[in-house]
1. Determine whether the range 201-208 contains at least one residue that is part of a strand (DSSP E or B) and surrounded by 20 or more Cβ atoms within 10 Å (Cβ to Cβ).
2. Can you tell me which residues in the range 365-383 are out of contact with any Ser or Thr (no Cβ under 8 Å at 6 or more places or on another chain), of a type in the set (D, E, K, R) and at pLDDT 95 or above?
3. Any residue in the range 222-233 that's in contact (Cβ under 8 Å) with a residue 60 or more places away in the chain and within 15 Å of Thr159 (Cβ to Cβ): show its pairings with residues that are among the charged types (D, E, K, R) and assigned to a loop (DSSP other than H, G, I, E, B) at Cβ separation under 7 Å, as long as the two are six or more apart or on different chains.
4. Please work out which one of (1) more than 21 Å from the chain's Cα centre (by Cα); (2) assigned to a helix (DSSP H, G or I) is the condition Gln146 fails and give its number.
5. Across the range 87-120, what is the total count of residues that are of a type in the set (Val, Ile, Thr) and under 28 Å from the mean Cα position of the chain (by Cα)?
6. Go through the range 367-383 and give me each residue that's in contact (Cβ under 8 Å) with a residue 60 or more places away in the chain and under 17 Å from Pro39 (Cβ atoms).
7. Out of all the residues in the range 338-359, which are of a type outside the set (A, V, I, L, M), surrounded by 11 or more Cβ atoms within 10 Å (Cβ to Cβ) and closer than 17 Å to Ile65 by Cβ?
8. Among Ser239, Ser170, Ser253, which is closer than 30 Å to Glu308 by Cβ and under 24 Å from the mean Cα position of the chain (by Cα)?
Amino acid sequence: MNRPLTGVLVLEFCQFLAGPSAGLKLADLGARVIKIERPDGGDACRQLSIKNLFVDEDSLLFHTINRNKESYAADLKNKEDLNCLKKLIAKADVMIHNFRPGVMEKIGLDYQQAQLINPKIIYGMVTGYGNKGPWANKPGQDLLVQAMSGLTYLSGKSTDGPVPFGLSVSDIMCGNHLVQGILAALIKRAKTQKSVLVEVSLLESLLDVQFEVLTTYLNDGGKLPERSQIDGSAHAYLSAPYAIYRTQDGYISLAMGDLKLIAEVIQSDISSFYACESDGFDKRDEIIAWLGQTFQTAPTDHWLKALEARGIWSAAVLDYQEATALSAYQHLEIEQDLELGNGQTLKTTVSPIRIDRQKLTAKKAAPRLGADNEKINLAFELK
């Protein structure tokens with residue numbers, strides 16, 4: 001399969017999550033991604049683990065984000081290594097970095113210097129809070145960004161206090177935004193034959209993720225979101241029945257829907273709470289609590305059959321064991337095996353994008369530190 005970015009050379013001067021996740025997506029789309037790493041330890045993510053899981057001396061997290069790449073070990077403070085990297089930049093299409101503001105300027109690989117080396121370079125920068133400004137030097141870490149973005153006051157119930165999202169959501173979304181910018185820059189360069197600077201930040205990405213609710217706040221007199229007092233309410237701004245409900249043997253979720261029809265199907269009289277559509281907002285907690293009492297009287301499958309038969313948007317609430325066992329999960333081909341060598345494999349996810357009806361699978365595992373130096377030196381005549 002000829003992938004869309006085949007022939008595009010990307011240099012990834014990145015570590016941890018946001019920048020490397022962008023490199024991963026570019027690699028899946030066909031780009032050749034060379035990860036530039038420090039000779040003494042490489043990307044710090046090699047030792048940053050989730051659940052203390054390691055594979056071949058590198059963390060499982062590192063393998064997750066850095067599959068399908070090459071590793072080139074170089075000391076940016078070493079003149080010979082730096083000269084090799086400049087030769088590589090001269091032949092690259094894209095370079096991305098997530099160094100602190102000022103670091104690349106000191107090294108001599110900032111955007112202005114990179115343009116002198118390669119007038120057509122697409123230069124991508126990831127920061128925590130922007131390259132300039134009062135927060136430029138704050139540590140750009142996902143939980144800290146969540147804390148400063150307002151996100152933690154959208155989940156849970158009103159008595160919970162702030163509730164962080166259980167994923168590195170700012171890193172993941174910032175990586176996505178960087179890829180969007182790079183793809184747009186590739187199109188612009190094709191028209192102008194000139195370099196393009198692409199800048200993204202963790203905070204801006206996380207604020208953008210909240211564009212619906214943030215716009216609501218900005219146009220609602222500055223009123224803060226009001227989380228429900230009831231367990232399971234799923235959105236601070238949406239009306240009943242939007243929530244997760246306990247059933248006799250599990251949980252069921254209800255999306256937006258006709259409250260009168262839902263009440264009729266589950267045989268729950270909500271007439272004392274609900275007379276018009278605005279009551280779904282004004283009496284959200286009372287309605288959710290009342291519906292919840294009925295849902296606890298029967299198993300999840302019972303309610304799903306009844307609700308789906310009337311076209312009501314609903315779903316069982318599944319854990320990973322249940323979700324990955326679904327035929328729909330298998331049909332979507334979400335998993336792939338990476339080849340670690342010596343007959344060993346590592347199971348991970350695959351790109352969610354299909355091109356010409358084909359999944360973008362890649363069996364190449366994350367590289368060992370500096371594993372591709374000799375090959376890259378030879379191919380690009382760096383030494």
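1. yes
2. Scanning the range 365-383 gives Glu374, Lys375, Glu381.
3. Arg227/Lys157; Ser228/Lys157; Gln229/Lys157; Ile230/Lys157; Asp231/Lys157; Ser233/Lys157; Ser233/Arg227
4. Every listed condition holds for Gln146 apart from (1).
5. 4
6. Once the filter is applied, which keeps residues that are in contact (Cβ under 8 Å) with a residue 60 or more places away in the chain and under 17 Å from Pro39 (Cβ atoms), the range 367-383 yields Pro367, Arg368, Leu369, Gly370, Ala371, Asp372, Asn373, Lys375, Ile376, Asn377, Leu382, Lys383.
7. Matches in the range 338-359: Thr348, Ser351, Pro352.
8. Ser253
The values are calculated or read from the model by the stated rules, or taken from the named source; none is laboratory data. Everything quoted here is computed from the prediction, not taken from an experiment. Cβ sites come from the backbone with ideal geometry, for glycine too, and all protein chains shown count toward neighbours.
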